[in-house]
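Undergrad: Below: one structure in structure tokens.
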Amino acid sequence: MALSGTIGAVVLESGADAPAVAFARCLVGGLLLALWSAARGWLRPRAWTIGRADLGLAVLGGVLLVGNWVLLFASYALSSISVSTVVYHTQPLLLVGLAAVLLGERVTRGHLVRAVVAFGGVALISLGASGAGGQPVGLAGIALALGAAALYAGASLVAKRLAHIRPHLLAAIQLTAGTVLLAPALLVTPLPGSTEGLLWLVLLGSVHTALMYVLMYGSIGRLPTGTVALLSYVYPVVAVVVDVLAYGHRITATEAVGMAAVLVAALAPRRR
């Protein structure tokens, strides 16, 4: 989660446009996760139990996952790292809504209250946040972060249907699909021409994708759900700290209240 909180800084420091950043993340991260899966023996014919239907769902999830990255990375430049990251954390509530619409799952009164509180927080952030140079935050950046959250919720819904597939292998398949999908975008938004910019993208793909996924998937199965939910707060808190210290972002009182509302409503462990 701490690594996740520094992704925004890595994206901005690379100097690349969002599609190029997402492509590099897919290429490097997907290759390393494929090598990890091969080393664990998960790519052997006997271990490969993914049928065509599952493979199609995995690719669909990859499209949603990569689209979510493109929108989120683009939102950083239009708002700020902290604003985009906190707004992005509405995705657990959006996931509940998607599950209700697509799977017929019941939405409780608690879910509705949490959603109202969270999106009230987004409204406060929109009114009180400041972006680069102290200017009011761009609503387009907030809209992109919300769009990214919706796409990630969709990718999570697909992942729930593919829970029988090893998560590292599923991620490798999805990132491979993302690499193919985003390759044509390089004609419009090329990779950085500088060595420094390319090294930032290699860092993003290796440490902030492959290594982070291995750590995350290795921990979730061993920790209680409440602990995972509590540790999820580390992500946005680190992002806010990085934004304040590295980029001089000044948090207004209204913005702080909005951020707190979003995080408490979206990430607080739910009662059974």
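Undergrad: Of the residues Ile173, Ile165, which single one is aliphatic (A, V, I, L, M), modelled with pLDDT under 90 and closer than 27 Å to Leu102 by Cβ?
TA: Ile165
Undergrad: A follow-up question, please. So Thr254 passes all but one of these: (1) over 16 Å from Ser82 (Cα atoms); (2) outside any loop (DSSP other than H, G, I, E, B). Which condition number does it fail?
TA: The failed condition is (1).
Undergrad: Look through Ala77, Ala53, Ala58 and report the one residue that is over 30 Å from Leu245 (Cβ atoms), in contact with a helix residue (DSSP H, G or I) (Cβ under 8 Å, 6 or more places away or on another chain) and small (Gly, Ala, Ser).
TA: After ruling out the rest, the residue left standing is Ala58.
Undergrad: Still on this model: Taking the stretch 216-234, which residues are of a type in the set (A, V, I, L, M, F, W, C), surrounded by 14 or more Cβ atoms within 10 Å (Cβ to Cβ) and under 18 Å from Leu169 (Cβ atoms)? Let's see the steps before the verdict.
TA: Initially, the stretch 216-234 is screened for residues of a type in the set (A, V, I, L, M, F, W, C), giving 216, 220, 223, 228-231, 234.
Next, only the ones that are surrounded by 14 or more Cβ atoms within 10 Å (Cβ to Cβ) stay: 216, 228-231, 234.
The one that is of a type in the set (A, V, I, L, M, F, W, C), surrounded by 14 or more Cβ atoms within 10 Å (Cβ to Cβ) and under 18 Å from Leu169 (Cβ atoms): Met216.
Undergrad: Exactly one condition in (1) under 21 Å from Ala159 (Cβ atoms); (2) modelled with pLDDT under 90; (3) among the β-branched types (Val, Ile, Thr) is false for Thr108; which is it?
TA: It is condition (1) that Thr108 fails.
Undergrad: Further, regarding this structure: Just checking, which of Val264, Val238, Val244 is open to solvent by 30 Å² or more (accessible area, probe 1.4 Å), modelled with pLDDT of 95 or more and either over 17 Å from the mean Cα position of the chain (by Cα) or more than 24 Å from Leu170 (Cβ to Cβ) (or both)?
TA: Sole residue among the options that is open to solvent by 30 Å² or more (accessible area, probe 1.4 Å), modelled with pLDDT of 95 or more and either over 17 Å from the mean Cα position of the chain (by Cα) or more than 24 Å from Leu170 (Cβ to Cβ) (or both): Val238.
Undergrad: Just to check your reading of the model, which residue among Val107, Val101 is outside any helix (DSSP H, G or I) and open to solvent by 10 Å² or more (accessible area, probe 1.4 Å)?
TA: Among Val107, Val101, only Val107 is outside any helix (DSSP H, G or I) and open to solvent by 10 Å² or more (accessible area, probe 1.4 Å).
Undergrad: Could I ask something else about it? (1) at pLDDT 90 or above; (2) within 30 Å of Ala253 (Cα to Cα); (3) β-branched (Val, Ile, Thr): which one isn't true of Val180, the others all being true?
TA: Tallying (1) at pLDDT 90 or above; (2) within 30 Å of Ala253 (Cα to Cα); (3) β-branched (Val, Ile, Thr), Val180 fails exactly one: (2).
Undergrad: May I pose another question? Pick from Ile173, Ile251: which is over 30 Å from Val137 (Cα atoms) and either of a type outside the set (Ser, Thr, Tyr) or open to solvent by 20 Å² or more (accessible area, probe 1.4 Å) (or both)?
TA: Selected residue: Ile173, the only one of Ile173, Ile251 that is over 30 Å from Val137 (Cα atoms) and either of a type outside the set (Ser, Thr, Tyr) or open to solvent by 20 Å² or more (accessible area, probe 1.4 Å) (or both).
Undergrad: Going by the structure shown, is Val70 under 21 Å from Ala183 (Cα atoms) and outside any loop (DSSP other than H, G, I, E, B)?
TA: yes
The values are calculated or read from the model by the stated rules, or taken from the named source; none is laboratory data. Every value quoted in this text rests on a predicted model; they were computed, and no experiment measured them. Positions of Cβ are backbone-derived with ideal geometry, glycine not excepted, and every protein chain shown enters the neighbour counts. Areas reflect the complete protein model, heavy atoms only, side chains present, ligands, DNA and RNA absent. Shrake-Rupley method; radii C 1.70, N 1.55, O 1.52, S 1.80 Å.
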